[in-house]
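K.L.:
Shown below is the structure under consideration.
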Amino acid sequence: MDKIKVKLPDGSVLEVDKGTTPLQIAEKLSKRLAKEAVAAKVNGVVIDLVRPLEEDCELQILTFDDPEGREVFWHSSAHLMAHAIEELFPGAKFGVGPPIEDGFYYDVDVDRPLTPDDLVKIEEKMKELAERDEPYIRKVVTKEEALEFFRKKGDPYKVEIIEQIDDNDTITFYSEGSFTDLCRGPHLPSTGKIKYVKLLSVAGAYWRGDSRNKMLQRVYGVAYPKKELLDAHLKRLEEAKKRDHRKLGKELELFVFHDIAPGAPFWLPKGMVIFRELEKFIREELDKRGYVEISTPILVKKDLWERSGHWEHYKENMFVLEVENEIYSLKPMNCPESTYVYKMKTRSYRDLPLRLAEIGRLHRNEISGALGGMFRVRQITMDDAHIYCRPDQILNEINELIDFVNYVYGIFKFEPAYYLSTKPDNAMGDPALWEQAENALKTALEQNGIKYGLKEKEGAFYGPKIDVQIKDALGRDWQVATIQLDFVMLPERFDLTYIDADGQPKRPVAIHRAIFGSFERFVGILTEHFAGNFPVWLAPVQVAVLPITDAQNDYAIEIYTKLKDLKIRTEVDTRNEKITYKIREAETQKIPYMLIVGEKEKTSKTVSVRRHGKGDLGVFDLESFISRIKFEIETKAVE
């Protein structure tokens with residue numbers, strides 16, 4: 001029997017028979033690992049645990065604790081749900097059923113609307129099927145075989161998908177029990193690993209996100225290998241409902257959405273306070289860190305996007321329109337236009353690095369089914385920048401950006417997690433430049449002592465990138481900052497040069513970066529993370545002055561005026577209402593500080609201070625309170 005060498009994550013190497021499966025290797029390593037294994041990663045590609053290994057490779061056994069492992073678990077759960085639906089609703093037709101960030105869904109076409117009672121029945125059927133512990137079996141088929149199977153079954157959605165698959169692509173079926181689906185996989189070894197399931201909701205979803213197509217029913221669910229994990233997830237969902245930024249945005253008068261502009265928020269006055277404070281903060285940091293700010297046009301001819309490569313790689317996400325017989329687009333990103341600023345004059349090696357920042361509006365044609373409050377919008381305000389530097393300056397610039405990211409997210413008490421996203425299948429440019437760029441990013445991460453994950457093939461089409469994720473108060477992961485290295489799109493396609501010390505023209509390197517990512521998404525994240533209880537420096541109203549009776553109104557207005565003069569955002573409530581009502585209103589609006597003034601406070605020129613969510617802090621003289629709140633604002637304190 002031929003032997004192959006398998007390198008494990010700890011650096012050790014096993015010599016095994018050719019054809020050995022990852023599951024068999026897991027069994028040799030540890031009974032517990034074999035029990036918890038859900039899939040394998042071979043040379044960076046996730047595969048089934050039971051796929052035979054045919055050559056020397058690097059192997060990682062994946063469990064539910066690994067992000068890729070959870071994807072496989074939830075993808076298999078989506079198939080199990082489809083199986084259950086097919087048994088309960090004979091003749092059901094199926095669209096797509098992918099894993100998502102927190103579970104899975106499947107788009108289904110059945111003969112009537114699904115009800116909450118139906119979801120319970122589907123859950124029970126899934127448990128019954130899981131208990132049979134049927135294996136997920138992979139089978140490679142020809143395009144003709146695939147079409148014949150689903151035409152005979154009467155599933156037009158699968159037929160449509162297969163018809164659009166390239167003739168040279170591998171097509172695979174996965175079966176478990178009596179259910180067969182079109183799928184690339186990978187999947188769990190068997191259904192028995194799916195122990196605890198909860199179907200959450202049903203929503204309408206146009207086939208392929210196109211409103212001209214039939215509306216299908218999208219069934220959302222989640223599954224876990226352990227009950228305590230499912231219980232924690234459901235508890236998290238309940239808390240998330242209370243923190244939903246769309247709900248809080250309306251209640252706190254921050255932003256709203258309207259059908260007249262799908263995917264674009266209406267920023268209300270209080271929301272604009274948060275927006276402007278974040279903008280002020282980032283601009284102050286830009287000034288400290290040697291950036292200059294520019295602004296470029298929103299409406300641009302398609303020639304620019306053809307030259308940059310976006311017309312080929314990104315056109316479906318662009319809003320295109322015709323003006324005087326010429327094709328234009330609303331810009332989906334700032335990068336190509338920054339080259340025109342760079343090229344306005346000859347650049348010397350002494351001019352670099354040139355750090356061009358732009359806080360501007362972008363428009364991306366997201367399909368309606370993908371829109372989700374502030375998290376997925378069509379109109380975006382990006383805190384963008386493009387850094388043009390010499391090759392010898394790359395490492396220093398990446399180090400500076402990592403410091404920038406750590407500082408900004410440290411302000412909010414977030415701990416950034418770093419990921420290196422590598423060359424995608426649709427990459428453009430010289431592979432050698434890609435390798436050089438990836439190595440530069442790796443070196444920067446390693447020099448900063450940062451442990452990072454890999455996102456294989458998730459780089460931009462023009463270069464690899466460092467992606468930054470944070471966890472919010474509910475433990476949810478959010479993609480935020482990005483640092484992208486570009487040797488190709490901007491430098492080469494726009495023929496950018498600088499005159500080097502030897503008097504010869506050289507090609508600069510471009511670094512694309514965003515810190516917040518977008519103001520819309522970041523404010524949505526902050527709203528849910530803080531549950532609307534923003535830090536004092538960000539709070540739309542920082543202080544509410546609440547007189548107990550009309551007799552203290554003059555003193556309350558005096559305090560209000562002084563605080564306003566000190567640029568402390570203040571409201572005064574002189575309505576003829578009970579103080580308990582005024583406090584309750586201020587608490588509902590999540591105003592950080594309430595200054596309650598009665599006759600005693602008026603006489604002694606003091607204030608009784610109340611903190612949102614904490615209650616009474618005692619009596620302060622006004623100057624002491626001012627010192628306290630100014631310190632919180634200036635230090636951007638986060639509790």
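The values are calculated or read from the model by the stated rules, or taken from the named source; none is laboratory data. Predicted model only: the values in this text are computed from it and were never measured. A quick note on method: Cβ atoms are made from the backbone with ideal geometry, for glycine too, and the neighbour counts reach across all protein chains shown.
K.L.:
Collect the residues in region 133-151 that are of a type in the set (Asp, Glu) and part of a helix (DSSP H, G or I), keeping them in residue-number order.
P.N.:
Of region 133-151, the ones of a type in the set (Asp, Glu) are 133-134, 144-145, 148.
Selection gives 144, 145, 148.
K.L.:
Here are the criteria: (1) under 27 Å from residue 424 (Cα atoms); (2) touching a residue at least 60 places away in the same chain (Cβ under 8 Å). Tell me which single one residue 319 does not satisfy.
P.N.:
(2)
K.L.:
Follow-up question, since we're still on this one. Tell me whether region 450-466 contains one or more residues that are closer than 30 Å to residue 349 by Cβ, more than 18 Å from the chain's Cα centre (by Cα) and at pLDDT 85 or above. I'd like the intermediate steps shown before the answer.
P.N.:
Step one: list which residues in region 450-466 are closer than 30 Å to residue 349 by Cβ, which gives 450, 459-466.
Subset that is more than 18 Å from the chain's Cα centre (by Cα): 450, 461-463.
Okay, now just the ones that are also at pLDDT 85 or above, so 450.
Yes: region 450-466 contains one or more residues that are closer than 30 Å to residue 349 by Cβ, more than 18 Å from the chain's Cα centre (by Cα) and at pLDDT 85 or above.
K.L.:
Another question, then. With (1) part of a loop (DSSP other than H, G, I, E, B); (2) within 21 Å of residue 621 (Cα to Cα) as the list, and residue 596 as the residue in question, which single condition is left unmet?
P.N.:
(1)
K.L.:
Quick check on region 525-543: of everything there that is touching a strand residue (DSSP E or B) at 6+ places or on another chain (Cβ under 8 Å) and within 16 Å of residue 611 (Cα to Cα), which residue is surrounded by the fewest Cβ atoms within 10 Å (Cβ to Cβ)?
P.N.:
The selected residue is 541.
K.L.:
Which one of 486, 500, 477 is modelled with pLDDT under 95, closer than 30 Å to residue 385 by Cβ and surrounded by fewer than 18 Cβ atoms within 10 Å (Cβ to Cβ)? Give the steps one after another, and end with the answer.
P.N.:
Values: 486 fails: surrounded by fewer than 18 Cβ atoms within 10 Å (Cβ to Cβ); 500 fails: modelled with pLDDT under 95.
Sole residue among the options that is modelled with pLDDT under 95, closer than 30 Å to residue 385 by Cβ and surrounded by fewer than 18 Cβ atoms within 10 Å (Cβ to Cβ): 477.
K.L.:
Given the conditions (1) within 16 Å of the chain's Cα centre (by Cα); (2) not in a strand (DSSP E or B), report the number of the one that residue 418 does not fulfil.
P.N.:
For residue 418, the exception is condition (2).
K.L.:
Go through region 343-361 and give me each residue that's under 25 Å from residue 398 (Cα atoms) and hydrophobic (A, V, I, L, M, F, W, C).
P.N.:
Scanning region 343-361 gives 352, 354, 356, 357, 359.
K.L.:
In the list 68, 54, which residue meets the criterion of being acidic (Asp, Glu), outside any helix (DSSP H, G or I), outside the structural domain of residue 218 (by TED's automatic domain parsing) and without any contact (Cβ under 8 Å) to a residue 60 or more places away in the chain?
P.N.:
Step by step, each of 68, 54 is checked, and only 54 is acidic (Asp, Glu), outside any helix (DSSP H, G or I), outside the structural domain of residue 218 (by TED's automatic domain parsing) and without any contact (Cβ under 8 Å) to a residue 60 or more places away in the chain.
K.L.:
Right, another one. Would you please name the residue that is nearest to the chain's Cα centre (by Cα), looking only at residues in region 540-571 that are touching a residue at least 60 places away in the same chain (Cβ under 8 Å) and assigned to a loop (DSSP other than H, G, I, E, B)?
P.N.:
Ranking the candidates gives 540 first.
K.L.:
How many residues, within region 374-401, are under 26 Å from residue 522 (Cβ atoms) and among the basic types (Lys, Arg)?
P.N.:
Counting residues in region 374-401 that are under 26 Å from residue 522 (Cβ atoms) and among the basic types (Lys, Arg) gives 2.
K.L.:
Considering only residues of region 320-342 that are surrounded by 15 or more Cβ atoms within 10 Å (Cβ to Cβ), of a type outside the set (Ser, Thr, Tyr) and closer than 13 Å to residue 363 by Cβ, which is farthest from the chain's Cα centre (by Cα)?
P.N.:
If we take residues in region 320-342 being surrounded by 15 or more Cβ atoms within 10 Å (Cβ to Cβ), of a type outside the set (Ser, Thr, Tyr) and closer than 13 Å to residue 363 by Cβ, then 330 is farthest from the chain's Cα centre (by Cα).
K.L.:
Follow-up. Can you find a residue in region 137-147 that is small (Gly, Ala, Ser), assigned by TED's automatic domain parsing to the domain that holds residue 223 and without any contact (Cβ under 8 Å) to a residue 40 or more places away in the chain?
P.N.:
Residues of region 137-147 small (Gly, Ala, Ser): 146.
From what is left, the residues that are assigned by TED's automatic domain parsing to the domain that holds residue 223 are 146.
Then keep just the ones that are without any contact (Cβ under 8 Å) to a residue 40 or more places away in the chain; that gives 146.
So far as region 137-147 goes, yes, one or more of its residues are small (Gly, Ala, Ser), assigned by TED's automatic domain parsing to the domain that holds residue 223 and without any contact (Cβ under 8 Å) to a residue 40 or more places away in the chain.
K.L.:
Which residues, counting only those in region 481-515, are touching a Pro at 6+ places or on another chain (Cβ under 8 Å), of a type outside the set (A, V, I, L, M, F, W, C) and assigned to a strand (DSSP E or B)?
P.N.:
Scanning region 481-515 gives 484, 498.
K.L.:
For residues that are loosely packed, with under 13 Cβ neighbours inside 10 Å and polar (S, T, N, Q), scanning just region 201-229, find the one that is farthest from residue 107 (Cα to Cα).
P.N.:
Once the filter is applied, the top-ranked residue is 211.
K.L.:
Also, quick follow-up: Any residue in region 238-267 that's modelled with pLDDT under 90: show its pairings with residues that are of a type in the set (Ser, Thr, Tyr) at Cβ separation under 7 Å, as long as the two are six or more apart or on different chains.
P.N.:
Qualifying pairs under 7 Å: 262/368.
K.L.:
Answer yes if at least one residue in region 326-340 is without any contact (Cβ under 8 Å) to a residue 60 or more places away in the chain and small (Gly, Ala, Ser), and no otherwise.
P.N.:
Within region 326-340 (the criterion being without any contact (Cβ under 8 Å) to a residue 60 or more places away in the chain and small (Gly, Ala, Ser)), the answer is yes, since at least one residue qualifies.
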